[in-house]
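Undergrad: Input: one structure, supplied below.
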Amino acid sequence: MHLQFFCVFPVSVTHDICAGTSYINIVFGLLKHVKCTVTVTDFWSNYIMRSLHYASLKRVLKCRLPYSLKAQNLVRQSSSFFLCQDKGTLHSKISYCSINSRNLSSNASSDVTTDIRDGGKSLAIDFKQKEPMIFPSVWLRFNCHCPSCKQQHSGQRLVDVADIDIDTLVKSTEISENGDVLHIEWTDHKGQIPIKFLKENKLSVSESGEKFSWILDDDLTITKMTYSDMISNDTNKARFLREINERGLCLLTGVPTEEDMVARVAENFAPVQRTIYGLTFPVRDVPNPINIAYSTAYLPLHNDLHHYESGPGLFFLHCQEFEECVEGGESILLDVNRVAEEFRIQHPEDFKILTQNAVTIQKVHYERDWPVDMTYKRPHIKLNDKDEIVAVCWAPPFEAPFSGKLEDVEPYYKAYHKFAKAVKYSPNIFKFKLRPGDCIVFNNRRILHGREEFVSNGGSRYLQGCYINIDEFKSQVKVLCKLSGDHRPVKPVGNGCWITC
């Protein structure tokens, strides 16, 4: 592999190498560590090119390398080193010296070996772990990382996939000196793929191994965190999001009871997601409500806004007023994905029916300030290619009539009714009263919510809510956790994505 680096010398450096020791240090360090040609141009000695990469182009040279007379003399004597000099001075605005390094073997290269199989249709890569990983030639070709195929800064594909030869074969391979890049020559292209990328994207050969389950092993509790602690630093924000990712919910306490404070809480993580109810929405008893939640009625357990193709992700519900004279009005929460997992075990045939028949969720309401007519049809339970549960839709208050085949009506409603009972009588229901300053935050795709009927008795029960997008939530869990040193995998978020590990 041939790399080229650029360093910059000040024009005042004389032909006496000693006067430019810091620069020689850098050059000699490169000479020791990489197989490349180095072109040296003007640059400040105390700034070791933060963009200068060697080896895998991932380790950055940020410090001065040790200097010795032996190194100085070796560079002076090297026949492959020359200075463009004129009467003792490196002149011109840009002066160059070219160094061709020695070939150095790398221990890392012995850790990875390749074997072209099936006449080039596949490549076996042995990382000295368990069994060699098998990659079809076409898969490797579509994931080429060379500059012609992938934009280096954005990480996005440049090559037009329609132009790739679908029958391309692997002709030859070579592991880079430092062992971190696989160079491949196909019948239609020459390119490269990072070894790390290959390790992270192995292809499964069979359905063996444990499947992801939403059933938790620990006791069911709601973790509490004070708002002041949560916003104090990114590590605590990461802990807060990790808790919601692991358990589905978390309760913030001590949130100031100010109007639209709920949006400020949410915006610690992502922009508020606008819906037909606005950016934020009041949850209180009003005449002629546009939503059952805006009344005193019992609100059955449900997910919100499944009439959207991509409904809300995290639900932030902030209690501003809950006077003592108000009777009832307890909040109800339940992990529906866990219910579905248990339902599969107890009623496998009914479970299958709910994966094969779709429900229509609707919001059709013209007598409001912003008329809406929205419908969306999806199965109650969605599975991925490994038969794992990746999404559950349960919203009885907002369902349209079943609209499947005639012969499916009775089996569907029998399965539906059994699931409704599993939800209503689940032993894992949380029921509690929010207090002013509480903000319950939960994953709307996973946690059903509802409310007991209440009687005001002249008092006020006033909550304010808002949402953030489910994909932004998942992204922030990854980002904040990794930046705070928590590299554990992020669990699925129940948004239908097939990735569960």
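The values are calculated or read from the model by the stated rules, or taken from the named source; none is laboratory data. Fair warning: this is a prediction, and the values are worked out from it, not measured in the lab. Note that we place each Cβ from the backbone using ideal geometry, even for glycine, and neighbour counts take in every protein chain shown. Protein only, heavy atoms only, side chains kept; ligands, DNA and RNA dropped before computing areas. Shrake-Rupley method; radii C 1.70, N 1.55, O 1.52, S 1.80 Å.
Undergrad: When a/c reaches 1.5 or more, the comparison of a/b and b/c decides; with that in mind, is the stretch 108-190 rounded, prolate or oblate per its Cα gyration tensor? Could the numbers behind the result be given before it?
TA: Numbers: a/c = 2.11, a/b = 1.30, b/c = 1.61.
Judged from the Cα gyration tensor, the stretch 108-190 comes out oblate (a/c at least 1.5, b/c at or above a/b).
Undergrad: Where does each of Cys393, Cys497 land when they are ordered by accessible area, with a 1.4 Å probe and the largest first?
TA: Numbers: Cys393 5, Cys497 45 Å².
Listed by decreasing accessible area, they come as Cys497, Cys393.
Undergrad: Can I ask one more? Just to check I understand the Karplus step: with θ = phi - 60° and J = 6.51 cos²θ - 1.76 cosθ + 1.60, what whole-Hz values come out for the stretch 372-385, glycine and proline as x?
TA: Running phi through 6.51 cos²θ - 1.76 cosθ + 1.60 with θ = phi - 60° gives 9, 9, 10, 9, 8, 10, 7, x, 4, 10, 10, 10, 9, 5 Hz.
Undergrad: Ok, one more. Could you order peptides 483-494, 444-455 by the average number of other Cβ atoms within 10 Å of their residues, highest first? Display every interim value, and only then the final one.
TA: Values: 483-494: 15.6, 444-455: 21.5.
The packing order, highest mean first, is 444-455, 483-494.
Undergrad: Given a 1.4 Å probe and every protein chain left where it sits, what share in percent of the accessible area of the stretch 408-462 is carbon and sulfur? Please report the intermediate quantities before stating the final value.
TA: Numbers: 1300 of 2490 Å².
Solvent-exposed carbon and sulfur of the stretch 408-462 make up 52 percent of the total.
Undergrad: Moving to a separate point now. List the pairs from Lys171/Lys199; Lys150/Lys382; Lys421/Lys491 whose alpha-carbon separation is above 30 Å, in the order I gave them. Walk me through the intermediate numbers first.
TA: Working: Lys171/Lys199 21 Å; Lys150/Lys382 33 Å; Lys421/Lys491 27 Å.
Cα-Cα > 30 Å for Lys150/Lys382; rest within.
Undergrad: Find how many whole Å separate the alpha carbon centroid of the stretch 392-420 from the alpha carbon centroid of the stretch 328-367.
TA: A separation of 9 Å, based on Cα centres.
Undergrad: Now a separate question. Excluding residues fewer than 8 places away in the same chain, name every one of the aspartates and glutamates whose C-alpha is closer than 17 Å to that of Lys474.
TA: Of all the aspartates and glutamates, those that pass the test against Lys474 - Cα under 17 Å, at least 8 places apart if same chain - are Asp234, Glu243, Glu246, Glu267, Asp486.
Undergrad: Follow-up question, since we're still on this one. State the Cα centre-to-centre distance between the stretch 255-282 and the stretch 426-501 in whole Å.
TA: Value for the Cα centre distance between the two parts: 14 Å.
Undergrad: Here is a follow-up. If amide H atoms are built 1.01 Å from N in the plane of the peptide, which residues on other chains or at least 5 residues away come under 5 Å of the amide H of Gln273?
TA: Tyr467, Ile468, Asn469
Undergrad: Give the residues of the stretch 293-332 whose amide nitrogen is closer than 11 Å to a point set 7 Å from the Cα of Met374 in the direction of its Cβ.
TA: The answer is 304-312, whose backbone nitrogens lie closer than 11 Å to the label point.
Undergrad: Per residue, how much accessible area does the stretch 265-324 show when a 1.4 Å probe rolls over the protein heavy atoms, in square angstrom?
TA: Working: 2400 Å² over 60 residues.
I get 40 Å² per residue for the stretch 265-324.
Undergrad: Show Trp186, Trp498 ordered by accessible area, largest first, where the area counts protein heavy atoms only and the probe is 1.4 Å. Mind showing how you got there, number by number?
TA: Working: Trp186 5, Trp498 130 Å².
Ranked list, largest accessible area first: Trp498, Trp186.
Undergrad: A 23 angstrom limit on the alpha carbon distance is what I want to check against. Which of Lys121/Lys386; Lys224/Lys431; Lys224/Lys418 exceed it? Numbers along the way, then the final one.
TA: On the way: Lys121/Lys386 26 Å; Lys224/Lys431 15 Å; Lys224/Lys418 33 Å.
Table pairs above 23 Å Cα-Cα are Lys121/Lys386; Lys224/Lys418.
Undergrad: Now a separate question. How large is the accessible surface of Phe432 in square angstrom, using a 1.4 angstrom probe and rounding to the nearest 10?
TA: 40
Undergrad: Through the Karplus equation 6.51 cos²θ - 1.76 cosθ + 1.60, θ set to phi - 60°, convert the phi angles of the stretch 323-333 into ³J(HN,Hα) values in whole Hz; use x for Gly and Pro.
TA: The phi angles translate into 6, 4, 6, 6, 9, x, x, 5, 7, 10, 9 Hz.
Undergrad: Considering all alpha-carbon pairs of the stretch 235-325, what whole percent are spaced by more than 21 angstrom? It would help to have the intermediate numbers written out before the result.
TA: Values: 1687 of 4095 pairs.
Roughly 41 percent, once rounded to a whole number.
Undergrad: Report ³J(HN,Hα) in whole Hz for each residue of the stretch 387-393, in order, from the Karplus equation J = 6.51 cos²θ - 1.76 cosθ + 1.60 where θ = phi - 60°; Gly and Pro get x.
TA: Karplus values, whole Hz, x for Gly and Pro: 6, 8, 6, 10, 6, 10, 10.
Undergrad: Let me ask something else. Report the accessible area of Leu169, computed with a 1.4 Å probe over the heavy atoms of all protein chains in place, in Å² rounded to the nearest 10.
TA: 50
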